[in-house]
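Q: Starting off with a structure, shown below.
The values are calculated or read from the model by the stated rules, or taken from the named source; none is laboratory data. Values in this document were obtained by computation on a predicted structure and should not be read as measured data. Every residue, glycine among them, receives a Cβ derived from its backbone with ideal geometry; neighbour counts consider all protein chains shown.
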């Protein structure tokens, strides 16, 4: 069943509904209704595990609109792939721009900062690695995020990338606890585990919107589906050359030939299909074999539109190679291969061509299973094995991977049914049905046991948090999926032992150091973390730096050339090297390169293979930056081994070299390598990205320009600056129409000349900053040990509190974003002095959570947090003892702070679901003591109020400014209060309401008073309570009242209210025993 989207009109305004309709969202499916209830109406942390095509993204879209438009928040949408990020970005931009919502995207891997204004956007699309990088760098705008959507969250099981995502989600849970999290996943076998890990609600079903027929094509050509239908496919068996199949999987040739005959039967009916393979070369070879068969005739489909599309692509391919020729040949025949090795802009054009029907077949690698929206009625899985480097053999695909690929078949609105076909060969004949077709989804597990990745992330945690108290280190990992899954089986003691071993490793190798009971990141550890490299790579880079310095000191020279730099970087464990001859036969290292070698040849035979593999690729990259033609490089390399690299690999290696090169240079700078050497390394690595000599680098400020065009412009005498304003007619004669348009469009942008894409200065600045941060942290830990933290939201509150502190001294904490504090003192009545730290958080619960968390983490000596500032009074004229007036003081009682807008709402009722977080019993005892002392005429805060008013030349607002309106808009008299001292505040101890919006309604105010017995309403206390409870620190809220939470708000009482709150806070702190 479905409902019309107009049913949401009570929650979203008509304009929002109209925009959603214009983008195709006219109906709400049953599967989506429950998701919308949990994600949007109740704003719960939700894990959604639904089959592909059931519209699980739509509830997340509505949650984003709710957070951004209705609550003025910010949302981050996380995906595993760059291509998927681009697809989501374009869709969001189209949808959200009509609602006035700004959208940004950042997919740069590792530690790049390619979007300086990213934090200005309201919705931000990022890849998993970019989220990790943003969190490692503690980007300030993360504090403003009120919603994280993690798409394809089941990717935590990925061996190479999964732990990065898991730790990032764990940090969101721990550090940004006030933000909502929505996890979107394909169907998995353990949804309840993910619910226990990251959500309050789990929504799960295996039922699809449209039926899925699962079929097996056996080796005899019989295609049998699970609905008992069957078809005979005529198999020719000779359509794929056996020499193209790997020696360890010769049956691949048979499967691919069978797949081609199956595809022929599908496209001849005018239908599209997606074919999955398990490798780039496999996808290319199968697509080429299919195109050749199409070219030979006998196919009944129209591929006329594919010819002009091929010509369009041809214009954008500047440097023709066998790879590009193969791609264009396939496209002319109405099909294409699809994998990450194809340039992103070409890949997007291919995807669009498939969507509009220009292409009838996509032969793709398994990465296409990860959420990219390309609907096809039929999916063919032509491979059932994948190469495993750990096992050095082809191993069966996982059940979940195959089920996800099957799930791509058929989409609502496009098809009435989906078909998924597994292709067998003579070895697997009769086996795939039981292996995959009838299987249920398997459990998705954690990669936490990966020691290298775990240590890399532990170093990142300590660095991004500046330091961690020893007994709290283990707590950081208790928000991981692994802890949720295995702690009962593994045991707390073994868990702690594992983490302690990692800490010892980090300390022994100089990533962290221990000061008393605190682990602090070293300069080296900070650089390694910010560079997003693993510990083994960092240690190797440190050894390289030592070797360079030693050579210069002992021999007075530094032998360095591009080959030696590339070879060293390629020896990193981050690099997946291609397989060549096992013993290095045929691979020669020149005498010159041997002299420049930065990494010694290992004695271990396995490591020697990697050494020689790196040598070959370094040779290729050296020729690449010398501007040798691509095809020359590929032809030269083919003589080395039986598994060579392709065009895409060269570009990918260039990007990896740039990233690792930046990391190497930072470590070199830290170790004292001279700048002439580090600059040289940076230029080598920058050149590797584009395959050019140094003089062409400046042209690559132009996004999309290629090296042949850059060379032509240089040879015609046009440097980068001279291109601005150059006429199209001149440009097109030099570099052709396609790249001329790219150049002209580039210079139409406002910020094209503001900065280079190269980051030499930034790299030196980062190292300098890491050194300063390390010294700053040590200074703070050694010199400042406050026991009480005071948080304010507004500048006026901060100023008033600062007036009550003795000897205030401003300190600046630049790590993790610039932050100013004031350190000061307040004397205790029982003798001694309290050391205080005062911080300005900004408005809202998100800001107060973030800043309180930072304060607790940065100053581990803190025992108590006190929130001091203004709030709206909740009057009760009918009950004089509960009647709070303007200028009064409200202190949180045992009920603490009540987050009144955390609700579950349905047609029948509204259920408030705030979590009880009582304040510190120690601080409440002091507040009750002050309350008791009032009966003896002791009001120390009154003196402090008068002193500050006099110092600042201020006066208390007159009583005629304290006007109370009833709900009808008429003035209501205040009751006579015999306990009230004229012209002075009265103190109330009671519940305080906290929410994410300003209350300007007397009706809502009175409703909240009746429901929760509130004495005041504000916007930060809940965030402080969350952070204090998370950090095992006591808290208390002290508020001065400045308005009545109605439409008659004014600023008359604001300044006075900040002063009375600060004065009471001082009186309270004075009564806190030094040694309670």
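Q: Taking helices (runs of 4 or more DSSP H) that do not extend beyond the stretch 435-531, which have at least 1 residues that are over 30 Å from residue 226 (Cβ atoms) and within 22 Å of the chain's Cα centre (by Cα)?
A: Per the criteria, 451-464, 473-476, 481-490, 523-531.
Q: Here are some residues: 322, 333. Which one is farther than 23 Å from residue 264 by Cα and touching a residue at least 24 places away in the same chain (Cβ under 8 Å)?
A: Going through 322, 333 in turn, the sole match is 322.
Q: Mind telling me which of the residues 1040, 1023 ends up being part of a strand (DSSP E or B), touching a helix residue (DSSP H, G or I) at 6+ places or on another chain (Cβ under 7 Å) and surrounded by 21 or more Cβ atoms within 10 Å (Cβ to Cβ)?
A: Of 1040, 1023, the one residue that is part of a strand (DSSP E or B), touching a helix residue (DSSP H, G or I) at 6+ places or on another chain (Cβ under 7 Å) and surrounded by 21 or more Cβ atoms within 10 Å (Cβ to Cβ) is 1040.
Q: Let me ask something else. Every residue in the stretch 832-855 that is surrounded by fewer than 18 Cβ atoms within 10 Å (Cβ to Cβ) and closer than 30 Å to residue 516 by Cβ, please.
A: 832, 833, 835 - these are the residues of the stretch 832-855 that are surrounded by fewer than 18 Cβ atoms within 10 Å (Cβ to Cβ) and closer than 30 Å to residue 516 by Cβ.
Q: Consider residue 48 carefully, then state whether it is outside the structural domain of residue 413 (by TED's automatic domain parsing), touching a residue at least 60 places away in the same chain (Cβ under 8 Å), outside any helix (DSSP H, G or I) and under 24 Å from residue 210 (Cβ atoms).
A: yes
Q: Residue under question is residue 368, and the condition is that it be crowded, with 23+ Cβ neighbours inside 10 Å, in a helix (DSSP H, G or I) and in the same structural domain as residue 433 (by TED's automatic domain parsing); does it hold?
A: Taking the combined requirement at face value, the residue satisfies it.
Q: Would you say residue 192 is surrounded by fewer than 18 Cβ atoms within 10 Å (Cβ to Cβ), over 23 Å from residue 62 (Cβ atoms), over 14 Å from the mean Cα position of the chain (by Cα) and not assigned by TED's automatic domain parsing to the domain that holds residue 400?
A: When the stated conditions are applied, residue 192 passes them.
Q: A further question on this structure: Considering only residues that are closer than 18 Å to residue 889 by Cα and more than 50 Å from the chain's Cα centre (by Cα), which ones fall in the stretch 956-974?
A: Of everything in the stretch 956-974, those that are closer than 18 Å to residue 889 by Cα and more than 50 Å from the chain's Cα centre (by Cα) turn out to be 958, 959, 974.
Q: Working only within the stretch 9-39, note down all residues that are in a helix (DSSP H, G or I), under 21 Å from residue 94 (Cα atoms) and without any contact (Cβ under 8 Å) to a residue 60 or more places away in the chain.
A: 14, 17, 18, 21
Q: Hey, does the stretch 710-721 have a residue that's within 36 Å of the chain's Cα centre (by Cα) and crowded, with 17+ Cβ neighbours inside 10 Å?
A: yes
Q: Another question, then. Any residue at all in the stretch 266-273 that's in contact (Cβ under 8 Å) with a residue 24 or more places away in the chain, assigned by TED's automatic domain parsing to the domain that holds residue 356, in a helix (DSSP H, G or I) and buried (at least 17 other Cβ atoms within 10 Å of the Cβ)?
A: Taking every residue of the stretch 266-273 in turn, at least one turns out to be in contact (Cβ under 8 Å) with a residue 24 or more places away in the chain, assigned by TED's automatic domain parsing to the domain that holds residue 356, in a helix (DSSP H, G or I) and buried (at least 17 other Cβ atoms within 10 Å of the Cβ).
Q: Another question about this same structure. Consider residue 976 carefully, then state whether it is assigned to a loop (DSSP other than H, G, I, E, B) and at pLDDT 90 or above.
A: For residue 976, the condition - assigned to a loop (DSSP other than H, G, I, E, B) and at pLDDT 90 or above - is met.
Q: Condition first: in a helix (DSSP H, G or I) and modelled with pLDDT under 90. Now tell me which residues in the stretch 88-118 satisfy that.
A: 118
Q: Just checking, how many residues over the stretch 119-130 are surrounded by fewer than 24 Cβ atoms within 10 Å (Cβ to Cβ), in a helix (DSSP H, G or I) and out of contact with any helix residue (DSSP H, G or I) (no Cβ under 7 Å at 6 or more places or on another chain)?
A: Counting residues in the stretch 119-130 that are surrounded by fewer than 24 Cβ atoms within 10 Å (Cβ to Cβ), in a helix (DSSP H, G or I) and out of contact with any helix residue (DSSP H, G or I) (no Cβ under 7 Å at 6 or more places or on another chain) gives 1.
Q: Under the condition of being modelled with pLDDT of 90 or more and in a loop (DSSP other than H, G, I, E, B), which residue from the stretch 131-157 is nearest to residue 574 (Cα to Cα)?
A: Checked the stretch 131-157; the qualifying residue nearest to residue 574 (Cα to Cα) is 152.
Q: Could you please find all residues in the stretch 422-434 being in contact with a helix residue (DSSP H, G or I) (Cβ under 6 Å, 6 or more places away or on another chain) and within 12 Å of residue 226 (Cβ to Cβ)?
A: Correct list: 422 only.
Q: Look at residue 171 and say whether it is crowded, with 23+ Cβ neighbours inside 10 Å, at pLDDT below 95 and either assigned to a loop (DSSP other than H, G, I, E, B) or not assigned by TED's automatic domain parsing to the domain that holds residue 902 (or both).
A: For residue 171, the condition - crowded, with 23+ Cβ neighbours inside 10 Å, at pLDDT below 95 and either assigned to a loop (DSSP other than H, G, I, E, B) or not assigned by TED's automatic domain parsing to the domain that holds residue 902 (or both) - is met.
Q: Evaluate the stretch 804-817: report whether one residue or more is assigned to a strand (DSSP E or B), in contact with a strand residue (DSSP E or B) (Cβ under 8 Å, 6 or more places away or on another chain), modelled with pLDDT under 80 and surrounded by 15 or more Cβ atoms within 10 Å (Cβ to Cβ).
A: Looking through the stretch 804-817, at least one residue is assigned to a strand (DSSP E or B), in contact with a strand residue (DSSP E or B) (Cβ under 8 Å, 6 or more places away or on another chain), modelled with pLDDT under 80 and surrounded by 15 or more Cβ atoms within 10 Å (Cβ to Cβ).
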